[in-house]
Structures are given as C-alpha cells and as structure tokens.
Amino acid sequence: RDTTPPESGWKVPYDGPVDESFKVTRKKEKKEKKDKETVMPYPGMYYGMQGMQTAFMDPHAAERQMQEYARLQQEGAKRRLEEEFHRQKREEALRREAERKRKEEARKKQEEIRKKREEEQKKQKELAEQRIKEGKAVFLLRKAIQKLNAATPESMETVQKELEETMKLHLEEAGSQKDYMKGEADKYLEQTKKRIELLNEAKRKAQEKKEADEKRRQELESRAKKLLAELSGLLDMAEKGVEQLRETATPLETSDEQSLPEVEACAEAVEAAGASCKTLIKTCMDFLVSHGPEMKEPPGPVGVAVLGPSELKQLMARCLTRINECTKLSDGVLFAVRAVKDALAR
C-alpha cells in the first residue's frame, strides 16, 4: 500500500475538525527518495543471482526473505508513524506556542486598552476638576472686580486691597482665562481710579464752593446787620423827633386857656417840629428803599433747614414796626393840632 501522507484531510489540531485550507505538497526530490525507500524487496535483491539459486536450493529461503521484507515494511511504517507523531507533536507545540503568544498579545493589548482607558478617564476627571477650579476662581475674581463699580472715595482703598488679595490667591487657578481676567482687573481698576479722582475733584470743588458761599453769606449777613444797626440809629433819631413833636404839641391840650395868637404860635412850632420829624422818617424810608435788598436774609446753606425766623428778619420786622409807629404818631399829632387850630379860627 501507499505510505505517503495524503495532501488534504488533515485535522488542525490533531483532535480538532478537518482544516480544508491545510494542504501537503510533496517536492520532486523527496518523492523520488521516498520511492527508493519504499521499493518492495524481492527475492534475490539482497543475494543477487546466487541468492536466487540459493532460494531455489533452500525451500525456506523465500520465506525468510518474505519475513525480512515484512519486518522492513513494519519498521518503515513504524518509523513513518513515529515521524508523523513527532510532526504532529511539533505542530501541536507550535500551535500551542502560537496560541499562547496570541493570548499573551491579546492580554497585553487588553491591558494597554485598559491602561489607556484609565488614563483617559483620569485625564477627563482632571480636566473636569480643573474646569470646576477655574470656574470657581473666575467667579471669585469677577466678584472682586465688580465691587470696583460700587467703590467710593472712602471705600476705594479697602476694595482695591481685597481685589489684590483675591488676584494673589486665585489668579493662577484661572488657567486658560488667567491673562483675560488679569486684563479685566487692570482695566476696571484703572477706570475706577479715574472715576474716584473725578469724584474727589468734584467733592473738592463742591467743598470750595460751599466754603465760598458760606463766606459770602457771612459777609452779606454782617453787611445786613451793619445796615440794620445804621437804620436803627436813624429810627432812634426819628423817634426822638416824634417825642419832641408831642412835647411841642402838649400846650395845645389846654387850648381853652390860651389866646388865639398863642395857639397859632404853638401850632407853627408844631408844624415846624412835624416837618423835621417827617424829614427824619423820610430819611429812614429812603435808607430802607436804598439798602433794602442788602438787608434781606442771605440764602442759607443748601440742605440745611432753618427753624423759625432768623435774627435779620426779626431786626427788619422791628425796624418796619418802628417806622410805622413814628409815621402814625407824627401824623396823629399834626392832625390833632390842625384840628385845634381850625376850631379856634371859627
């Protein structure tokens, strides 16, 4: 029988299913070698013609030759089986080694994938934490910057110090927004400083105006008091003139005991005193008309409420009252004297 291995029908592995893709192809020189090895021995191939003669002379020689042939066949078959066994064993070892390498490569690949996934997850977690940290830092920085909008000249130093402390603590944590937030802080700080400077300048000007107005008010008040004092002096003279007028008209109270010439002489004296009194009262009135605006109450400080009439208003009211009294008294005395004179004339 043919002892060469078949070209197909091989099981890979040896205890697995038939692998149709596995083919065995014999090379020409190997085939010739195997043909030589598998040449069937025949009687006389070992002994030549002499052996054949011996075989014919010895009836058991052919049997021994056949036995030798069978032994050689069995050894060849055994050898081929052993070679096939070792070949399959080597193939199995190679397959197992390949399988081991494949599994090792798969394990390494899975390990690399796992490590890569863990690194990616770690990176994502760090990025998320960084974003949260950046967001918190940006929030605190914006909060400190926004306080500059409400800063006043009194609170500017405190607000600026708080902003500097916040920048020192959280600017580095702002990450990608570090430069932007620093620029925003510098811009708002510069704007706030300019605004505070304008406020301080306006406050200084307002204070200067207030002081100037107060100085002007005090000057006007002092001038008004001086003029009222001068008017009061003129009124004192007018009141004295009215008093002299009354004294001059006193004799006419007993006109029944006096003669007509005496009454006329007294009436003329009263007229002369009345004219002098009228002149004094007119002087007061002219002074009041001329300097009246200067004697008015000057405007008070803005936003300051004044309770009750001021001193100037009270002085002015008294002066007007005195002028009215002088006018009323002088007119009354002159009217009475004229009435007495007219009565005696009839």
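The values are calculated or read from the model by the stated rules, or taken from the named source; none is laboratory data. Keep in mind it's a predicted model, so treat the numbers as computed, not measured. All Cβ positions, glycine included, derive from the backbone under ideal geometry; neighbour counts span all protein chains shown. What goes into the accessible areas is simple: the full protein's heavy atoms, side chains included, and nothing from ligands, DNA or RNA. Shrake-Rupley method; radii C 1.70, N 1.55, O 1.52, S 1.80 Å.
A 1.4 Å probe over all protein chains sorts Phe85, Phe287 by accessible area into Phe85, Phe287, starting with the largest. Here the gap between Lys125 and Ala93, fully extended at 0.36 nm per residue and compared with their Cα-Cα distance, gives a gain of 6.9 nm. All other residues whose Cβ lies under 11 angstrom from that of Ala275 are scored, Lys and Arg at +1 and Asp and Glu at -1, for a net of 0. Applying 0.36 nm per residue to the separation of Ala275 and Thr152 and subtracting their alpha-carbon distance, the gain on full extension is 37.3 nm. Across the protein chains, with a 1.4 Å probe defining accessible surface, the residues Met285, Met237 rank Met237, Met285 from largest area downward. Other residues lying with their Cβ under 13 Å from the Cβ of Asp213 contribute a combined charge of +1, Lys and Arg counting +1, Asp and Glu -1. Calculate, for Lys296 and Lys136, the FRET efficiency according to 1/(1 + (r/R0)^6) with r their C-beta to C-beta distance and R0 56 Å; round to the nearest 0.05. After rounding to 0.05, the efficiency reads 0.25. Modelled this way, with points 7 Å down the Cα-to-C-beta line, the labels at Lys226 and Lys116 are 10.2 nm from one another. For the pairs Lys168/Lys203; Lys282/Lys313; Lys161/Lys209, flag any whose C-alpha to C-alpha distance is greater than 25 Å. In this structure, Lys168/Lys203; Lys161/Lys209 lie more than 25 Å apart at Cα. Length gained on full extension, Asn200 to Arg79, computed as 0.36 nm times the residue gap minus the Cα-Cα distance: 32.0 nm.
Extending 7 Å from Cα along the Cβ direction at Glu68 and again at Lys282 yields two label points whose distance is 19.3 nm.
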